[in-house]
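Student: Take this structure first; my questions come after.
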Amino acid sequence: MIDPIMTTIDAMPAISLAEIQSLALLDRLDVKFIMHEAQFAQILWRVREQYRVLEINGVRPGRYHTTYFDTPDFAMYQSHHSGTRVRHKVRWRWYIDSEAIFLEVKEKTNRDRTVKTRTPIDAPVEQLGDLTHDWMPASLQLNAAALRPVVSNRFRRVTLADFERQERITVDLGVEFSSDARVVPLPGLVIVEVKQRKFSLTSPIARELHRLQLHPTHVSKYCVSMAMLHPELKHNRFKPIIRRLEAICNGRGSSERHN
């Protein structure tokens with residue numbers, strides 16, 4: 001089913017990495033949706049004239065490799081599982097096609113906004129304690145030396161941009177989780193994230209999502225991958241979303257209504 005998506009993507013106008021920098025939206029509202037490739041292919045076809053597609057070195061979609069860090073007692077994962085209002089994720093992300101690697105911290109604030117900080121690094125790292133602490137926001141009260149890699153993911157990302165509405169959409173395809181030698185692929189799954197300063201249903205893609213009765217879903221690749229690859233951790237909170245993802249991948253349903 002990827003072929004219809006790629007056919008549409010290849011026909012859409014491009015936007016360069018330099019151009020999209022002004023639409024970084026590092027302080028934003030994120031709204032996520034999950035669906036099957038067949039549904040996204042339909043949506044993309046209907047909005048193809050409203051958005052431009054990020055192209056880097058002649059490549060679209062881009063390839064991403066991410067590794068997440070946590071403490072030995074999984075403090076950040078536990079804060080997500082318990083629903084703590086202010087919580088963090090720490091990761092390095094390798095933007096393969098632009099040959100850039102950033103150490104990134106994502107903070108979810110008590111106003112439900114996402115604030116991301118990014119620090120360029122020369123290569124993937126295993127020990128964050130070896131770095132200067134310039135990358136740590138003041139809100140992250142953890143010992144950097146205690147952080148260690150716990151889970152990774154790979155995916156291809158389509159990035160759509162609409163400057164008129166100050167909107168950026170990321171579309172993750174071919175998602176694959178891994179930890180040590182264990183790999184969990186999620187075939188057929190598409191994760192769409194609409195990023196705006198203030199969420200609006202008037203955008204073209206939001207209207208299409210509404211038309212197909214696809215509702216916002218709280219899904220974190222980090223939390224889901226941790227729950228799937230570290231079953232010894234408490235993960236009751238994430239069981240419903242894991243079942244939904246498995247249903248999409250197994251073709252038993254595209255998306256259930258959000259409760």
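Student: Give the calculated FRET efficiency between Ile96 and Gln213 to the nearest 0.05, with a Förster radius of 25 Å applied to their Cβ-Cβ distance.
Tutor: Numbers: r = 35 Å, r/R0 = 1.40.
Efficiency computed from Cβ-Cβ geometry: 0.10.
Student: Given a cut-off of 22 Å, name the pairs among Lys116/Lys198; Lys195/Lys234; Lys32/Lys221; Lys198/Lys234; Lys108/Lys198 whose C-alpha atoms lie farther apart than that in the structure shown.
Tutor: Working: Lys116/Lys198 16 Å; Lys195/Lys234 30 Å; Lys32/Lys221 11 Å; Lys198/Lys234 33 Å; Lys108/Lys198 15 Å.
Over 22 Å Cα-Cα: Lys195/Lys234; Lys198/Lys234.
Student: Here is a follow-up. Over the chain, with the other protein chains present, what is the accessible area per residue in square angstrom, probe 1.4 angstrom?
Tutor: Result: 48 Å² of accessible area for each residue.
Student: Cut-off under 17 Å on the C-alpha distance; same-chain residues fewer than 8 positions from Lys239 excluded. Which aspartates and glutamates are left, in chain and number order?
Tutor: Of all the aspartates and glutamates, those that pass the test against Lys239 - Cα under 17 Å, at least 8 places apart if same chain - are Glu256.
Student: Compute the length gained on full extension between Trp45 and Val115: take 0.36 nm times their separation in residues and subtract their Cα-Cα distance, giving the result in nm to one decimal. Intermediate values should be presented prior to the final figure.
Tutor: On the way: separation 70, 0.36 × 70 = 25.20 nm, distance 3.12 nm.
Separation in residues times 0.36 nm, less the Cα-Cα distance, equals 22.1 nm.
Student: While we're on this one: What is the magnitude of the charge dipole of the chain about its Cα centre, with +1 placed on the Cβ of each Lys and Arg, -1 on the Cβ of each Asp and Glu, and no other charges, expressed in debye to the nearest 20?
Tutor: Working: 38 positive and 30 negative charges, 209 e Å.
With only Lys, Arg, Asp and Glu charged at Cβ, the dipole is about 1000 debye.
Student: Let me ask you something else. With θ taken as phi - 60° and the coefficients 6.51, -1.76 and 1.60, list the Karplus ³J(HN,Hα) couplings across region 134-144 in order, rounded to whole Hz; mark glycine and proline as x.
Tutor: My calculation for region 134-144 gives 4, 6, 8, x, 4, 6, 8, 9, 9, 7, 4 Hz in order.
Student: For region 114-129, take each phi angle, set θ = phi - 60°, evaluate the Karplus expression 6.51 cos²θ - 1.76 cosθ + 1.60, and give the result in whole Hz per residue in order, putting x for glycine and proline.
Tutor: 9, 10, 10, 10, 9, 10, x, 10, 7, 7, x, 10, 9, 10, 6, x
Student: Pick out, in residue order, every one of the trypsin sites (Lys or Arg not before Pro) in region 139-214 that is DSSP loop and has at most 11 other C-beta atoms within 10 Å; say none if there are none.
Tutor: Working: sites: Arg154, Arg156, Arg157, Arg165, Arg168, Arg182, Lys195, Arg197, Lys198, Arg207, Arg211; in loops: Arg165, Arg197, Lys198.
Passing both the DSSP loop test and the Cβ count: Lys198.
Student: Is the shape of region 139-190 best called rounded, prolate or oblate, per the rule: a/c under 1.5 gives rounded, else a/b larger than b/c gives prolate, else oblate, with a ≥ b ≥ c the square roots of the Cα gyration tensor eigenvalues?
Tutor: On the way: a/c = 4.71, a/b = 1.29, b/c = 3.65.
Oblate, since a/c reaches 1.5 and b/c is not below a/b.
Student: Same structure again: Across 10 Å bins from the origin, how do the percents of Cα pairs in the chain run, short distances first?
Tutor: 7, 30, 38, 21, 4
Student: Only helical DSSP H runs with n ≥ 4 go in: add -39500 (n - 2.57) per run for the chain, normalise by residue count and round the 222 nm mean residue ellipticity to 500 deg cm²/dmol.
Tutor: Working: 7 runs with 60 residues, N = 259.
After summing the helix terms and dividing by residue count, I get -6500 deg cm²/dmol.
Student: Still on this model: From the Cα gyration tensor of region 126-225, with a ≥ b ≥ c the square roots of its eigenvalues, which class applies: rounded if a/c is under 1.5, or else prolate if a/b is larger than b/c, or else oblate?
Tutor: On the way: a/c = 2.74, a/b = 1.53, b/c = 1.80.
Oblate, because a/c is 1.5 or more while a/b does not exceed b/c.
Student: Of all DSSP beta bridges located in the chain, what percent are antiparallel, nearest 5? All intermediate terms of the calculation are to be shown ahead of the outcome.
Tutor: Numbers: 64 of 66 bridges.
Within the chain, antiparallel bridges account for around 95 percent of the total.
Student: Just to be sure I understand the model, the point goes 7 Å from the Cα along the line to the Cβ. What's the resulting Leu29 to Leu17 distance in nm?
Tutor: My value for the distance between the label points is 3.1 nm.
Student: Now for a different question. So if R0 is 41 Å, what FRET efficiency would Leu233 and Val59 give, r being the distance between their Cβ atoms, rounded to the nearest 0.05? If you can, show how the numbers build up before the last one.
Tutor: On the way: r = 36 Å, r/R0 = 0.87.
Rounded to the nearest 0.05, the efficiency is 0.70.
Student: Apply the a/c threshold of 1.5 to the C-alpha gyration tensor of region 1-137 and tell me whether it is rounded, prolate or oblate.
Tutor: On the way: a/c = 2.09, a/b = 1.56, b/c = 1.34.
Prolate.
Student: Within region 47-138, report the trypsin sites (Lys or Arg not before Pro) that DSSP leaves as loop and that have at most 16 other Cβ atoms within 10 Å.
Tutor: Counting only loop positions with at most 16 other Cβ atoms within 10 Å, the trypsin sites (Lys or Arg not before Pro) in region 47-138 are Arg48, Arg85, Arg111, Arg113.
The values are calculated or read from the model by the stated rules, or taken from the named source; none is laboratory data. Since the structure is predicted, the reported quantities are computational estimates derived from the model, not experimental observations. Counting neighbours? That spans all protein chains shown, and the Cβs are built from the backbone with ideal geometry, glycine included. Note: areas computed on protein heavy atoms with side chains; ligands, DNA, RNA excluded. Shrake-Rupley method; radii C 1.70, N 1.55, O 1.52, S 1.80 Å.
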